[in-house]
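Have a look at the structure below, then the notes.
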Amino acid sequence: MKIEVTNYGIKRIRQGNPLIKEEDLAKKPKELPLEWVEFVDQKQAYVATGYLGKQNKGIGWVLDQTRRPIDRSFIKEVFLQAIQMRQAFFSDEGTNAFRLFNGEGDGFGGVTVDYYADYLVISWYNETIYHFQKLIVDSLLEAYPHAKGVVEKIRFKSELKESRWLAGEKPEEPLLVVENGVSYAVYLDEGYMTGIFLDQKDVRGRLTEGLAAGQRVLNMFSYTGAFSVAAAYGGALETTSVDLAQRSLPKTQEQFEVNGLPLEQQKIRVMDTFDYFRYALRNNLSYNLIILDPPSFARNKKKTFSVAKDYGRLIEDSVDILSDEGMIIASTNAANLPIKKFKQSIETALKNKKVAYQLVETHRLPADFPSGNFEESDYLKVLFYQISKA
């Protein structure tokens with residue numbers, strides 16, 4: 001099938017941007033075809049091969065510009081290139097969980113594969129790519145025949161179960177993986193989440209290296225407490241993990257236990273973040289290091305939280321319970337928030353609190369999450385601020 005692309009769309013493709021947006025199409029088809037398509041110009045001349053599939057970033061992806069058929073040989077080759085690029089991770093004895101294939105960053109948008117100690121977690125981001133599920137999984141297993149098992153995650157609107165075992169054996173759970181020498185308990189077939197966000201490995205690495213040594217650490221929006229565990233492993237005096245989800249308590253305790261870290265030095269609070277700030281202030285609690293890694297958008301019974309609107313308030317409330325000399329690690333995975341605006345919102349809040357501050361480290365996606373110079377895919381922004389209240 002041929003799909004006509006506007007001149008502007010052609011320019012973007014030729015500049016190396018693989019994302020097809022609705023406005024790039026001369027005419028949007030009534031129904032998106034569940035097949036590979038040829039993108040053509042207004043004279044019907046070939047531009048690229050790819051597919052149309054609706055997801056949050058756009059309406060399709062370019063996969064090739066050389067007229068090669070998108071078959072098992074093509075897809076296997078794409079996977080083999082990605083695996084080759086990650087040989088350093090395979091040979092690192094201290095880490096056996098990482099992103100094996102990062103969608104458009106590895107040349108094939110709409111699908112990602114995560115590696116957990118020889119188990120593979122494949123995520124599908126649109127209906128069209130899922131239509132080719134068997135072809136893609138078969139190609140993946142040819143490229144990486146050592147896989148013990150494969151589980152899939154459906155990350156587009158569908159009646160399908162969000163997580164399902166596809167091939168191989170199921171591991172005994174929790175499956176223990178290691179990253180930077182620290183163990184993490186993961187569950188590969190429990191909904192979307194596995195228990196650890198692999199894109200934060202470099203930040204957790206800084207904590208395990210001793211950034212938090214001798215410090216009182218507060219980890220907000222803590223999920224399963226991975227930052228807290230990394231900090232404790234790296235010598236933190238004590239950690240406090242705060243998350244609204246009830247499951248965060250047993251999940252966080254488990255992460256400390258699998259590392260043999262004493263629970264009496266770790267506090268775990270199931271409560272709203274802003275309520276905890278008020279509680280800490282009332283009780284004269286203070287912390288040397290505060291980690292803020294909220295979801296881009298969250299809603300509980302009483303209120304909503306949006307990174308774009310509310311991050312400044314998080315920073316201001318953090319300053320109130322930070323020690324006189326302390327650090328805030330500010331993180332967001334909001335793809336639609338440019339790093340410049342994120343930095344601006346943090347520094348405006350710090351100026352409002354009349355404190356001295358210095359940006360001492362910036363982290364983006366780690367090496368196993370290539371974005372292919374594609375700004376929309378380089379979503380992670382983590383800024384370390386040294387703050388002086390004196």
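Here are the numbers for the structure shown:
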quantity	calculated
Single residue of the stretch 245-254 satisfying the filter (out of contact with any Leu (no Cβ under 9 Å at 6 or more places or on another chain) and not small (Gly, Ala, Ser)) that is least open to solvent (accessible area, probe 1.4 Å)	Thr252
Hits in the stretch 133-155 - residues which are open to solvent by less than 30 Å² (accessible area, probe 1.4 Å) and either touching a Pro at 6+ places or on another chain (Cβ under 8 Å) or part of a loop (DSSP other than H, G, I, E, B) (or both)	Tyr144, Ala147, Gly149
Test set (1) over 17 Å from the mean Cα position of the chain (by Cα); (2) open to solvent by 50 Å² or more (accessible area, probe 1.4 Å); (3) more than 23 Å from Lys251 (Cβ to Cβ) - Tyr125 fails condition number	(1)
Subset of the stretch 189-223 that is hydrophobic (A, V, I, L, M, F, W, C) and within 21 Å of Phe101 (Cα to Cα) - its residue that is surrounded by the fewest Cβ atoms within 10 Å (Cβ to Cβ)	Met193
Residues that are surrounded by fewer than 17 Cβ atoms within 10 Å (Cβ to Cβ) and part of a helix (DSSP H, G or I), drawn from the stretch 264-276	Glu264, Gln265, Phe274, Asp275
The one condition in (1) hydrophobic (A, V, I, L, M, F, W, C); (2) buried (at least 18 other Cβ atoms within 10 Å of the Cβ); (3) farther than 30 Å from Leu120 by Cα that Ala97 fails to fulfil	(3)
Subset of the stretch 247-263 [closer than 18 Å to Gly234 by Cβ, in a helix (DSSP H, G or I) and of a type outside the set (Val, Ile, Thr)]	Gln255, Phe256, Glu257, Leu263
Criterion: open to solvent by 50 Å² or more (accessible area, probe 1.4 Å), among the acidic types (Asp, Glu) and part of a strand (DSSP E or B) - qualifying residue of Glu316, Glu325	Glu325
Candidate set: the stretch 170-188, residues that are of a type in the set (A, V, I, L, M) and surrounded by fewer than 18 Cβ atoms within 10 Å (Cβ to Cβ); chosen: the one nearest to Ile154 (Cα to Cα)	Leu176
Ser371 in contact (Cβ under 8 Å) with a residue 60 or more places away in the chain, open to solvent by less than 10 Å² (accessible area, probe 1.4 Å), assigned by the TED database to the domain that holds Ala231 and not hydrophobic (A, V, I, L, M, F, W, C)	no
Matching residues, the stretch 209-225, being more than 14 Å from Glu238 (Cα to Cα) and either part of a helix (DSSP H, G or I) or small (Gly, Ala, Ser) (or both)	Glu209, Ser222
All positions within the stretch 349-380 that are farther than 16 Å from Pro338 by Cβ and charged (D, E, K, R)	Lys351, Lys353, Lys354, Glu361, Asp368
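For (1) touching a strand residue (DSSP E or B) at 6+ places or on another chain (Cβ under 6 Å); (2) modelled with pLDDT of 95 or more; (3) open to solvent by 60 Å² or more (accessible area, probe 1.4 Å); (4) not assigned by the TED database to the domain that holds Thr332, each residue gets a yes or a no:
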position	(1), (2), (3), (4)
Glu238	yes, yes, no, no
Asp243	no, yes, no, no
Phe256	yes, yes, no, no
Asn259	yes, yes, no, no
Arg278	no, yes, yes, no
Ile290	yes, yes, no, no
Lys303	no, no, yes, no
Val307	yes, no, no, no
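The values are calculated or read from the model by the stated rules, or taken from the named source; none is laboratory data. As the structure is a computational prediction, the values presented were derived from the model and not from experiment. Here the Cβ is made from the backbone with ideal geometry for all residues, glycine too, and neighbour counts use every protein chain on show. The accessibility values were calculated without ligands, DNA or RNA, using every heavy atom of the protein model including side chains. Shrake-Rupley method; radii C 1.70, N 1.55, O 1.52, S 1.80 Å.
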